[in-house]
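The values are calculated or read from the model by the stated rules, or taken from the named source; none is laboratory data. Note that the structure is predicted; figures quoted are calculated from it, not measured. Heads up, the Cβs are rebuilt from the backbone with ideal geometry, glycines too, and the neighbour counts pull from every protein chain shown. Only protein heavy atoms, including side chains, enter the accessible area calculation; ligands, DNA and RNA are left aside. Shrake-Rupley method; radii C 1.70, N 1.55, O 1.52, S 1.80 Å.
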2 protein chains.
Amino acid sequence: MPDLSIDVVAKAAGVHRSTVSRAFSRPEAVKSETREHILRVAEGLGYTMSPLAQALRKKTSTFIPLIVPDITNPFFAELAKTMTQAADERGYQLLLCVTNGDPAKTEGYFIAMQAMYAPFGIVAPSTKVDTEALKRFDFGHKVVVIDRVEGDDAVPTVTVDSRRGIMLALDHLHALGHTSIGYVSGIAGTHTAQDRMDAYLELSAESGSAPVVLDSGSDLDAGTRGAEHFLEMEKPPTAIIAANDMVAFAVISALGKSGVRVPEDVSVIGFDGLALGARFNPPLTTIRQPIADMGHIAIELAEKQNIDGSVDHIVLEPELLVRASTSGPRK
Amino acid sequence: MPDLSIDVVAKAAGVHRSTVSRAFSRPEAVKSETREHILRVAEGLGYTMSPLAQALRKKTSTFIPLIVPDITNPFFAELAKTMTQAADERGYQLLLCVTNGDPAKTEGYFIAMQAMYAPFGIVAPSTKVDTEALKRFDFGHKVVVIDRVEGDDAVPTVTVDSRRGIMLALDHLHALGHTSIGYVSGIAGTHTAQDRMDAYLELSAESGSAPVVLDSGSDLDAGTRGAEHFLEMEKPPTAIIAANDMVAFAVISALGKSGVRVPEDVSVIGFDGLALGARFNPPLTTIRQPIADMGHIAIELAEKQNIDGSVDHIVLEPELLVRASTSGPRK
DNA sequence: ACTGTTATTGCAACCGATCTCAGCAACCGA
DNA sequence: TCGGTTGCTGAGATCGGTTGCAATAACAGT
């Protein structure tokens, strides 16, 4: 491939390189006849513009960083999946940035994205700290966050209604006849995690039953500890709400090791709606978040903000997904 | 940030921009005194070089595409995780490319990576077709493949010894007293998937027991179908080897729905060693692949090839990871 | 003191586009 | 017929670095 640059196309088409440039990026500025000729020639040569050169000159690239704490967590993986798709459709390339929950890394990625002329970035924060960091960077480069951001309306966000989700879970369990419902907190120190917990506390108080927080930790082992706690109780709840599917998996797994069966002995409901849940043992009843929508919406929000400066906060509706990990309480 | 370019640093340090450039990228070519001064000034200004500009001029970037069929599959997610880490350490940025098993997309990414001046790419193919595509592109840009490549020694690969893995699984099961061991095939139409299956066929024949392939499909539902098949047999095997952990999950889940318990009624062993397996119900016994190593090695191989043109084929050793999904056969 | 390295640094072209400005032809109304 | 638009294309500077080459300084050797 003899280095296909805009100049060789220009020569081949018998026009100046600026005309070729226009033929691609501002078609209406070129006589249609000329344009088609150029495009045809380019096509024939198999020419595509260099995104690098474009980015350098235009000071805006097509690289969009997706900053997640852990791609190994299926929630973020599913997010990444829909995101790549949405990105592809619009000609962006996703840069995968994994922070491992280290705020320093997050900041590192922020500065990198500036250097990269990223038009915007998507952040799925692992802790509130990440969102704090946002403020320190007076973004010329915009960011949209998959979480709530504390008292900051300057950054677009997309989330699902945590309260509503917990309500759906509680209603489902109540309908099955459960009255004593425990809770195991989530993996993350995000606002979302906190919101779910708060909702649980409030809503169960409202319904008259005493909340039973089995574990309020924020690490991967919350599920395991929650299960241990459960096993130690003399009068354990008959159902458990897990702050997210991963935790639910851990709870069920740990319970299983001690011979406690789900849903026969205790019902467990998750929160996320991971595809994986369908293949769990037993298939997990859960509150589904519209993850696929979140990816698309996040990118739309970012683009919108880039254009008209609007900052939206989208709150999506979760829905109950009944599979097999919940049933009526043991008599 | 008043657009920090190399020229402003040069001015601030009182030298020419080429000297600044050298101070960063070829330190030995600058008097140490000068260099340190420049670096200090740059530091003070918070200057970093533009990867875009560098890439454009040098015709080699730090973007390295990671091409996977499905990031939602935890195996690829874990791969991506170690990969980002390895990439970060060496100053690369990972471009996440998800093909969904569509060879056309794979090709698209190949051409994109040329345009991006990617120094190399990592491909975890979903089908043999992907590796075929490799050949059509007479790579100036190198690729390393996480799979075997049919009769082509021109591309570096890293894999784990499938045969050895299956052998470990078989031995484990035999040691527990199983004599009738079924097999459910994997997700992918890769060489790896095929190798595992072939190994199973050969090795069980050698050990004198008739192979029982419960399902040889290559899609996500292989596990479910395998389980169905199992349930229909009048004399089903007492243990099942799944070609990978995801399939094992599906098998156990499907079996569970029909009241078949693991490992009480049947033992199941996976292949991958996903972290997720530890939180499955029951925790999954499996053949562990050193995924973390694979990521690092892949990148090392690529760099090595770039430098001295060497093409290596690394084969890693799998190991048995006993958790709780296997036990002695039911009497 | 004179010439031949060697170590440093400056110069300027170049990577592959974009974009402002200027030039030119066709077109319009008066 | 002439100034004024309008439409389209070419020139050339520019984005932020890199690099071969030339220039200068410093240092040896004789």
>> Which condition from (1) over 20 Å from the mean Cα position of the chain (by Cα); (2) closer than 26 Å to B:Ile71 by Cα is the one that A:Ala42 breaks?
In response: (2)
>> For the structure I just gave you, tell me whether B:Val315 is more than 10 Å from every other protein chain (Cβ to nearest Cβ), surrounded by fewer than 17 Cβ atoms within 10 Å (Cβ to Cβ) and within 17 Å of the chain's Cα centre (by Cα).
In response: yes
>> Among (1) within 16 Å of DNA strand D (Cβ to nearest atom); (2) under 30 Å from B:Lys81 (Cα atoms), there is one condition A:Phe76 misses while meeting the rest; what is its number?
In response: (1)
> When you look at B:Thr72, is it in contact with an Asp or Glu (Cβ under 6 Å, 6 or more places away or on another chain) and either facing chain A (nearest Cβ under 7 Å) or at pLDDT 95 or above (or both), yes or no?
Replying inline: yes
>> Among the residues of the range B:287-297, are any within 14 Å of another protein chain (Cβ to nearest Cβ) and open to solvent by less than 20 Å² (accessible area, probe 1.4 Å)?
In response: yes
> Can B:Tyr109 be described as over 32 Å from the mean Cα position of the chain (by Cα), away from DNA strand C (no atom under 16 Å from the Cβ) and hydroxyl-bearing (Ser, Thr, Tyr)?
Replying inline: no
> Restricted to the range B:231-251, and to residues that are touching a Ser or Thr at 6+ places or on another chain (Cβ under 7 Å) and farther than 16 Å from B:Ala169 by Cα, which residue is least open to solvent (accessible area, probe 1.4 Å)?
Replying inline: B:Ala250
>> Can you tell me how many residues within the range A:252-264 are buried (at least 17 other Cβ atoms within 10 Å of the Cβ) and touching a residue at least 60 places away in the same chain (Cβ under 8 Å)?
In response: 3
> How many residues does the range A:166-187 hold that are closer than 29 Å to A:Ile122 by Cα and either assigned by TED's automatic domain parsing to the domain that holds A:Ala133 or touching a Gly at 6+ places or on another chain (Cβ under 7 Å) (or both)?
Replying inline: 2
> When you scan the range A:7-45, how many residues do you find that are within 12 Å of DNA strand C (Cβ to nearest atom), open to solvent by 40 Å² or more (accessible area, probe 1.4 Å) and within 14 Å of another protein chain (Cβ to nearest Cβ)?
Replying inline: 2
>> Suppose we keep only residues that are touching a helix residue (DSSP H, G or I) at 6+ places or on another chain (Cβ under 6 Å) and more than 11 Å from chain A (Cβ to nearest Cβ) within the range B:247-270. Which one would you say is farthest from B:Ser162 (Cα to Cα)?
In response: B:Ser258
> Do you know which residues across the range B:110-130 are buried (at least 24 other Cβ atoms within 10 Å of the Cβ) and not hydrophobic (A, V, I, L, M, F, W, C)?
Replying inline: B:Gly121, B:Pro125, B:Ser126, B:Asp130
>> If I ask for residues that are more than 29 Å from the chain's Cα centre (by Cα), of a type outside the set (A, V, I, L, M, F, W, C) and open to solvent by 60 Å² or more (accessible area, probe 1.4 Å), which ones from the range A:208-230 would you list?
In response: A:Gly208, A:Glu228, A:His229
>> Please go through the range A:59-92 and give me each residue that is open to solvent by 10 Å² or more (accessible area, probe 1.4 Å), more than 16 Å from DNA strand C (Cβ to nearest atom) and of a type in the set (S, T, N, Q), ordered by number.
In response: A:Thr72, A:Asn73, A:Thr82, A:Gln85
> Are any residues in the range B:16-37 among the hydroxyl-bearing types (Ser, Thr, Tyr) and within 12 Å of DNA strand D (Cβ to nearest atom), and if so, which ones?
Replying inline: B:Ser18, B:Thr19, B:Ser21, B:Ser25
> Would the range A:88-111 turn up any residue that is more than 30 Å from A:Ala243 (Cα to Cα), within 11 Å of another protein chain (Cβ to nearest Cβ), within 16 Å of DNA strand D (Cβ to nearest atom) and out of contact with any Lys or Arg (no Cβ under 6 Å at 6 or more places or on another chain)?
Replying inline: yes
>> Of everything in the range A:112-133, what is farther than 18 Å from A:Pro51 by Cα and either more than 13 Å from every other protein chain (Cβ to nearest Cβ) or free of Cβ contacts under 8 Å to residues at least 24 places away in the same chain (or both)? Give them in sequence order.
In response: A:Val123, A:Ala124, A:Pro125, A:Ser126, A:Thr127, A:Lys128, A:Val129, A:Asp130, A:Thr131, A:Glu132, A:Ala133
> Does A:Leu56 fit the bill of being within 14 Å of another protein chain (Cβ to nearest Cβ), out of contact with any Cys (no Cβ under 9 Å at 6 or more places or on another chain) and either within 15 Å of DNA strand D (Cβ to nearest atom) or open to solvent by 30 Å² or more (accessible area, probe 1.4 Å) (or both)?
Replying inline: yes
